[in-house]
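Worksheet: one structure, shown below.
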Amino acid sequence: MTSPLPPFDWDIFCTVVDNFGDIGVTWRLARQLKREGRIESRGHGTSGEATPAQDGDMQVRLWVDDLASFARICPGLDPARDGQWVDGIYVQHWHERLPANVVPANVVIEAFACELPAPFIERMAEQSPPPCWVNLEYLSAESWVEDCHGLASPQQVGNKRLDKFFFFPGFTARTGGLLCEQGLIAERDRWQQDEAGLAAYWASLDLPPQAEHEIRVSLFAYESEAIRSLVIDWQASPTRVTLLLPLGRAVPDVLRGLGREGEAVQPGDLLRAGSLAVKLLPMTDQAGYDRLLWSCDLNLVRGEDSFVRAQWAARPFLWHIYPQEEQAHMVKLDGFLDHYLADLPPETASWLRACNHALNQGEETRELWAQWPQYAARWRQHGRDWSQKLHRDGDLVTRLVKFLESRI
Ligand code: TRH
């Protein structure tokens, strides 16, 4: 017999548009809300019996339309099941038919403007009081975000009016901030200071400890000619470079740079050419990916969630932004760089901007990479300063809870 479901505190709806970002963000959000998402003025909290929630934890249900993609970053998930508990979160496969007698949670989040099912909205309107309804938007550093963050959009449902609130992640105090779990920064610091632990980590990937002057780079990006170009530069580098490469869309460009176009590769393979060693990695869960970012000297990241995690890694990173029509993404990239580079000397800032542009526009990197030794130390320090600055105004879940408390 299956156990009855508890009343839920949070419902999160996610459609997987493509890749792993939509599910990456919502899965991370779900787990953080479970631990840190208590809203003081409301909540049925922990009344469920046969559920894995621990005392004080919130009950969170995550609705996902594509469980196969989700399973790539969550090995514990069974894509064949309609409903299941994973890490204390109830994961519900979201398809056309809603489960019978579904009761909406106190707070309902639609991620990235995915449309909630009409019957579910009707159930929301039947609740008294109705749930808080939040649309969690994509992350952008553009200035208009501050004006739109927190706005309500009235929705007529039958004869009831429900407000839907727009919640924008962002980089300033007047936005919703960035996802960052409590304790993450301390855990990162411990990891980065633990030399024996780092050596054990590299050994677990079949790699020796990092040599003096060796550069370790992780690469999780989209297709780009700049990657082929960097791989050529790294082969000719005066110092050793090790590239950590999770299997994915950037692999063909790396192979072209190595002159091994079209070769079949698999996780665990180690390819050597000149000063460069390329280690192919499997995709891991999100915690494993964090550890990779924390361990490298430079991280090439993409989309939204890996981009944010690279900032919490406090190390140099380049952002391959999700491409949009008519180069709209370049405006967003520059919007971010305006913030990120604001405190750097102009020469360093313009080099860093050029590196990001080169990755995104698929340009030659030889002259830019040649300047790495000149800027690397300053950039590394900047990574730490930037992560501290971002953390100062509070993380997204703290801000979301405060926002909802002020509206209930
Ligand atoms: O995968 P992305 O490119 O995702 C997206 C989506 O395409 C989305 O539609 C788009 O709107 C958005 O980008 C901007 O990049 P992202 O956001 O970095 O997500 C990758 C996730 O995968 C992130 O949560 C980290 C995770 N990951 C792992 O868990 N393990 C791994 O080994 C790796 C490499 C990544």
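Here, each number is a calculation from the coordinates, and none is a lab measurement. Since the structure is predicted, the reported quantities are computational estimates derived from the model, not experimental observations. All Cβ positions, even for glycine, are placed from backbone atoms using ideal geometry, and neighbour counts span all protein chains on display.
What to note about this one:
- Cβ crowding within 10 Å, taken as a proxy for footprinting-reagent exposure, orders 222, 90 from fewest neighbours to most as 222, 90.
- Per residue, the convex hull spanned by the Cα atoms of the range 259-408 amounts to 173 cubic angstrom.
- For the pair residue 196 and residue 338, the difference between a 0.36 nm per residue extended length and the Cα-Cα distance amounts to 47.4 nm.
- Rg and Dmax of the chain, based on Cα coordinates, read 22.3, 71 Å.
- Each Lys and Arg contributes +1 and each Asp and Glu -1, all at the Cβ; summed about the Cα centre of the chain, the dipole is approximately 520 debye.
- Sites residue 127 and residue 40 - FRET efficiency at Förster radius 25 Å, r taken between beta-carbons, to 0.05: 0.80
- Charge-dipole axis of the chain as Lys and Arg at +1 and Asp and Glu at -1 on Cβ define it, positive-most pick from 98, 73, 193: 193
- Put simply, the amide H of residue 275, placed in the peptide plane, has neighbours under 5 Å in 236, 237, leaving out anything fewer than 5 places away on its chain.
- Each part reduced to its alpha carbon centroid, the range 1-22 and the range 250-308 end up 30 Å apart.
- Total charge dipole magnitude, the range 10-176, about the Cα centre, Cβ charges on Lys, Arg, Asp, Glu only, Debye to nearest 20: 300
- The long axis of helix 328-340 is offset from the longest Cα principal axis of the chain by roughly 80 degrees.
- In this label model, residue 328 and residue 152 are separated by 2.8 nm, measuring between points 7 Å along each Cα→Cβ vector.
- Whichever lysines have a C-alpha closer than 25 Å to that of residue 389, once near sequence neighbours (fewer than 8 apart) are set aside: 332, 402
- Count Lys and Arg as plus one, Asp and Glu as minus one, and take only other residues whose Cβ is under 14 Å from that of residue 339; the net charge is then -2.
- Computed about its Cα centre, the charge dipole of the range 123-264 is approximately 520 debye, with only Lys, Arg, Asp and Glu carrying charge at their Cβ.
- Alpha-carbon centroid distance for the pair the range 382-408 / the range 79-131, whole angstrom: 26
- For a label point 7 Å along the Cα-to-beta-carbon line of residue 187, residues of the range 285-326 with backbone N under 15 Å: 285-295, 309-310, 312-314
- Within the straight-line cut-off of under 13 Å between alpha carbons, the aspartates and glutamates reachable from residue 34 are 9, 11, 55, 57, 87, 181, sequence neighbours fewer than 8 places apart in one chain being disregarded.
- A crude spin-label estimate for the pair residue 408 and residue 98, with each label 7 Å from Cα along the Cβ direction, gives 2.1 nm.
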